[in-house]
Amino acid sequence: MHRPPPDRPSRLGDVLRAALGRVPEAQRLADHALWTHWDAVVGPTLARHARPERLRRGVLVVAVDSPEWMQELQFLKRDLRERLNARLGRSAVRDVFLVLESGA
């Protein structure tokens, strides 16, 4: 954080950014953007058949609604990971793990 001269107050945004950076859960809060941007990143067709379940230790678990879409996503995992990380602006997703939704 850039410190202003002692006679000038700090910008609130700078103070909050510095404080949140020290909070252990800050990274998980930042990862929430993955769910927010999912449809835009994967597109409407894929979004109808696959949805993120959880992100833990860099592994994104994605629930897929059919074996056919699971097979399709196997081929798209690398591209999907790269696009999600690009949207997040950091390497939050290191692997994508696909699961078939129950009842599919």
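The numbers here are math on the coordinates, done by the rules we state, and not lab data. It should be emphasised that the depicted structure is a prediction, and the values quoted were computed from it without experimental measurement.
Quick notes on this structure:
- Were the residues from ALA86 through THR36 laid out at 0.36 nm apart, the gain over their Cα-Cα distance would be 16.6 nm.
- Segment VAL99-ARG8, extension gain: residue separation times 0.36 nm, minus the distance between their alpha carbons: 27.4 nm
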